[in-house]
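Engineer: Have a look at this one before I ask anything.
Nothing in this text is a laboratory measurement; each read-out follows from the coordinates by a stated rule. Predicted model, so just to flag it, every value in this text is computed and none were measured. Cβ coordinates were reconstructed from backbone atoms using ideal geometry, including for glycine residues, and neighbour counts include every protein chain displayed.
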Amino acid sequence: MISYTEARRIVAEVAAACAREIPRRRERVSLEGAFGQVLAESLCADRDAPPFHRATRDGFAVRAADLASVPATLALLGEIRAGAEFRGTVGPGQCVQIMTGAAVPAGADAVVMIEHTEPSANSVLIQRSIAAGANVVPRGSEAKAGAQVLAAGQRMGYAEISTAAQFGHARVAVFARPRVAILSTGDEIVSVGETPGAFQIRNSNTFSLAAQVAQAGGVALPLGIAPDERAVLLRKIEEGLAADALIVTGGVSMGKYDLVEAALDELGAEFRFDAVAIRPGKPAVFGVCRGKPVLGLPGNPVSTMVTFELFGVPLVDVLSGAPPRPLALVKARAGHAVRKKAALTHFLPAELTWENGEPQVAELVWQGSGDVAALARANCFLVLPETKLEFAAGDWVDVLPRRDRI
């Protein structure tokens, strides 16, 4: 049994090796469709940014030397709004009214905020001195023409999309989203539209995993439900191996009808780990089968969601063409005392709040890893390391936010 940090490292390492064997698919997409995808090319600036000396305040474009002694009255030559051109030059004792975002005219080297002035029809009384360059963004200070502004391997978020648009890249080359097959297993599982028997449960894992795969940047390919029958399970697993990765839920523990590992072994899988020192999620399994990464997750819904966050996200990251994102642990004060016994790293459904500007976290009441309703009330996980399982109220503890809630 290994730590979850070691398991994450193994997942990323194996996924990278698989990706090298099967070249990533590339596609060219519009910016509207690029959100969440990973660049397959670097993008460069097609011109300086800003393309002119840009005013950052509403006010008056001046020569700073004219304001060495204030108050000073300057002759008003006219005005410049954003997007307009001013053909004149600001000389000694002169100024031009200017709006935020407009190009600073020739001769001027600073912008005085309008709050520090008293304008009249043909002149302006300036009441405050100013340094050269104040309230002006110099041409090319954000990016020079030809400079790289986005690197291959960057994920396209809203800021990256804005950057690409600013420099004229209406379509960009990206790696295709990895296709992740999802298979739920177990005789006790029925489809969500069915009325379950007295001892059956509906298939929720396929839906939660599909959402998590999409949030991570992949495309979910649900394979339905495989009963605890060897032949059907083998056929479904083989179907899933046509995707870029396969996730199987349920059937990975040590019970008589936990058949997933045996089925994978029969298909030639090489396992890299088959247990992780966490709760929930200890029986998680990971390996490679026919060149494809395969992640076996416990069937209880909370276990499934925790283990995907820990191991599925870095898997999708690497298959997307990006480095694995670090686990976004933050600190908060424990809202009450918490104590666990098992020497495992615990991920407990919890609520993160802010009291007087300070983060505070409290474990929610829950009934174990099958209690998905408790997780729906949580916005994070309280993380207890296996080396310290007891914390007093007010102690600083680790928190893993739910990325879809915070």
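Engineer: Provide the gained length on full extension for the span residue 403 to residue 16, in nm with one decimal, where the gain is 0.36 nm per separating residue minus the Cα-Cα distance.
Structural biologist: 136.9 nm
Engineer: Apply the Karplus curve 6.51 cos²θ - 1.76 cosθ + 1.60, θ = phi - 60°, to the phi angles in region 132-146 and return the couplings in whole Hz, x for Gly and Pro.
Structural biologist: Values per residue, Gly and Pro as x: 4, x, 5, 6, 10, 9, x, 4, x, 6, 8, 6, 8, 3, x Hz.
Engineer: Could I ask something else about it? Tabulate in residue order the Karplus-calculated ³J(HN,Hα) for region 294-299, using 6.51 cos²θ - 1.76 cosθ + 1.60 with θ = phi - 60°, rounded to whole Hz; enter x for Gly and Pro.
Structural biologist: Couplings: 10, 10, x, 10, x, x Hz.
Engineer: I've got another one for you. Can you tell me the 0 to 90 degree angle between the C-alpha axis of helix 205-216 and the longest principal axis of the chain, rounded to 10?
Structural biologist: Compared with the principal axis, the helix lies near 30 degrees.
Engineer: Moving on. Would you mind checking the tilt of helix 230-240 against the longest principal axis of the Cα atoms of the chain, expressed as 0 to 90 degrees and rounded to 10?
Structural biologist: Computed tilt is about 20 degrees.
Engineer: Also: Please give the charge dipole size of region 330-401, origin at the Cα centre, charges +1 on K and R Cβ atoms and -1 on D and E Cβ atoms. Round to the nearest 20 debye.
Structural biologist: 160 debye
Engineer: Additional query: Can you give the net charge of the other residues whose Cβ lies under 12 Å from the Cβ of residue 21, counting K and R as +1 and D and E as -1?
Structural biologist: +3
Engineer: Give, in whole angstrom and from largest to smallest, the semi-axes √(5λ) of the equivalent ellipsoid of region 54-137, with λ running over the eigenvalues of the Cα gyration tensor. Please list the in-between numbers first.
Structural biologist: On the way: eigenvalues 58, 34, 27 Å².
Semi-axes, largest first: 17, 13, 12 Å.
Engineer: For region 330-401, divide the Cα radius of gyration by the Kirkwood radius and give the resulting Rg/Rh value with two decimals.
Structural biologist: 0.95
Engineer: Separate question: In a shell of Cβ-Cβ distance under 10 Å around residue 50, excluding residue 50 itself, what net charge do Lys and Arg (+1) and Asp and Glu (-1) give?
Structural biologist: So the environment of residue 50 carries a net charge of +1.
Engineer: Can you give me the long-range amide H partners of residue 273? Hydrogens built in the peptide plane at 1.01 Å from N, cutoff under 5 Å, separation of 5 or more residues or another chain.
Structural biologist: HN-HN under 5 Å from residue 273: 286.
Engineer: Percent of alpha carbon pairs in the chain separated by more than 27 Å?
Structural biologist: 63 percent
Engineer: Let me know the Kirkwood hydrodynamic radius for region 1-102, please, with Cα pairs as the basis and the value in Å to one decimal.
Structural biologist: Kirkwood radius, region 1-102: 19.7 Å.
Engineer: Now, a different point. For the charge dipole of the chain, defined by +1 on Lys and Arg C-beta atoms and -1 on Asp and Glu C-beta atoms about the Cα centroid, which residue among 376, 150, 205 has the Cα displaced farthest towards the positive pole?
Structural biologist: Result: 150, furthest along the dipole toward the positive end.
Engineer: Another question, then. Counting only residues 5 or more places away or on other chains, whose amide H sits under 5 Å from the amide H of residue 37 once H atoms are built in the peptide plane?
Structural biologist: Answer set, sorted by chain and number: 156.
Engineer: If the only charges are +1 at each Lys and Arg Cβ and -1 at each Asp and Glu Cβ, what is the size of the charge dipole of the chain around the Cα centre, to the nearest 20 debye?
Structural biologist: My answer is approximately 500 debye.
Engineer: Turning to a different aspect of this structure: Which aspartates and glutamates, if any, have their Cα less than 16 Å from the Cα of residue 341, not counting same-chain residues under 8 positions apart?
Structural biologist: Reachable aspartates and glutamates: 363, 386, 390.
Engineer: For the chain, what does the helix formula give at 222 nm: sum of -39500 (n - 2.57) over DSSP H segments with n ≥ 4, over the residue count, nearest 500 deg cm²/dmol?
Structural biologist: -5500 deg cm²/dmol
Engineer: Can I ask one more? Can you give me the relative contact order of region 95-178 as a percent, contacts being Cα pairs under 8 Å and 6 or more apart?
Structural biologist: Over region 95-178, the number comes to 19 percent.
Engineer: Just grab the label-to-label distance for residue 355 and residue 339, each label 7 Å out from Cα along the Cβ direction, in nm (one decimal).
Structural biologist: 2.0 nm
Engineer: Moving to a separate point now. What's the angle, to the nearest 10 degrees (0 to 90), between helix 4-21's Cα axis and the longest principal axis of the chain?
Structural biologist: 80 degrees
Engineer: Can you list residues from other chains, or at least 5 along the same chain, whose modelled amide H is less than 5 Å from the amide H of residue 106?
Structural biologist: For residue 106, whose amide H was placed from the backbone, the distant partners under 5 Å are 90.
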